[in-house]
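Since the structure comes first, as structure tokens, the remarks are kept for the end.
Each reported figure results from applying straightforward, stated rules to the coordinates on display, with no laboratory input. All of these numbers come straight from a predicted model, not from anything done at the bench. Note that we place each Cβ from the backbone using ideal geometry, even for glycine, and neighbour counts take in every protein chain shown.
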Ligand code: PMP
């Protein structure tokens, strides 16, 4: 077996212990005589899997009782529509546009009402987070929306915006469980699992209870109404059962690692290895404002497109995979989620150093 260091932005690296445990349970899940993949979602073993997953997530994050946890489908992209459908009572919402995913969410909200971009960093190709301390928040806004970590551009809100009392809705797909969070600062926090948590196909939405109502936009499909899923404990229809099972294992793994404080510490150390190298390098450079750098997605360039391409190809040959930047920005991007071991980042930095020496 030869596993590579996988720097993919998502689907992404998962903890090896989790994969090995899942493999050992593949044919016979704990004496049930079947795989979790073959099991009814109404069965006792699966009931325990989803209940334990939620309980472990709640403990890990410290989710208060007045927040619901929903395991959903449709990707983060489907929540781009579900958010306005469930929340846009006044048909007004304010969006902070800090990247491609925020922009997509903003465009989707415009289908349903008056979505306003109250701040944007598009003027400098999304290489920074705008000052959000005193924004022109619409008095009648139903919510203020952010994409907290911008996967493609590698920026992160290190300070949440001042929403002037409006509920904050955050897409946390690429920073989920990477550090401790205060859930009470959010009305809704949601993300796709396929970066920091589990396989593609699961979306987790953590929603304050009073925002889950029957008062949704006319025409909202039953499946997109959060209340449908909340009333059924995420079992209104067949959930992404196997994915939820893997997520549950990752939550246990995170607890074993020491929880979110420990992950933050480790993530800061890993990111520092890479950013310190980039800051000292004469060949490579990071592409975003230092104070807004993400701990999860680190974009960088080597100076020209040919060198970038050579770097990606040579890195791949050395077992460092998926370092090509997003097709919309080029260059490189190293995604170093929770499950990327420190040794992977060390190997990357050593390889970058070698490449730099060879291209002096
Ligand atoms: N939001 C963010 C921050 C993302 O990185 C992505 C990319 N996976 C999405 C939303 C879209 O996610 P999905 O493919 O699950 O719809």
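Using the Cβ-Cβ distance between residue 218 and residue 185 with R0 set to 22 Å, the FRET efficiency works out to roughly 0.10. Here the range 120-196 is treated as an ellipsoid with the same Cα gyration tensor; its semi-axes, largest first and in whole Å, are 20, 17, 10. Extents of the chain, taken as max minus min of Cα coordinates on every principal axis and listed largest first, are 63, 58, 31 Å. Between 103, 290, 270, the Gaussian network model of the chain with springs among Cα atoms under 10 angstrom shows the greatest mean-square fluctuation at 290. Taking 32, 173, 294 in turn, the Gaussian network model of the chain (Cα-Cα springs below 10 Å) assigns the largest fluctuation to 32. Run through the DSSP bridge list for the chain and note the antiparallel percent, rounded to the nearest 5. Of the beta bridges lying entirely in the chain, close to 55 percent run antiparallel. For the range 17-256, averaging the sequence separation of C-alpha pairs within contact (under 8 Å, six or more residues apart) and dividing by the residue count gives a relative contact order of 27 percent.
Ranked by the mean number of other Cβ atoms within 10 Å of their residues, highest first, the peptides 242-250, 137-145, 313-321 come out as 242-250, 137-145, 313-321. Size of the range 259-358: Rg and Dmax of its alpha carbons, in Å, are 12.9, 42. Taking the chain as a Gaussian network of alpha-carbon nodes connected by springs under 10 Å, the highest mean-square fluctuation of the residues 126, 112, 71 belongs to 112.
Among 285, 208, 333, the ranking by other beta carbons within 10 Å of each residue's beta carbon, starting with the fewest, stands as 285, 208, 333. Calculated mean residue ellipticity, 222 nm, the chain: -11000 deg cm²/dmol, from DSSP H runs (n ≥ 4) at -39500 (n - 2.57) each, averaged per residue and rounded to 500. Quick one: Debye curve from the C-alpha atoms of the range 149-232, no solvent, what's log10 I(q)/I(0) at q = 0.13, 0.14 Å⁻¹? Listed by q, the Debye log ratios stand at -0.50, -0.57. Gain on full extension, evaluated as 0.36 nm per residue between residue 321 and residue 59 minus their Cα-Cα distance, stands at 91.0 nm.
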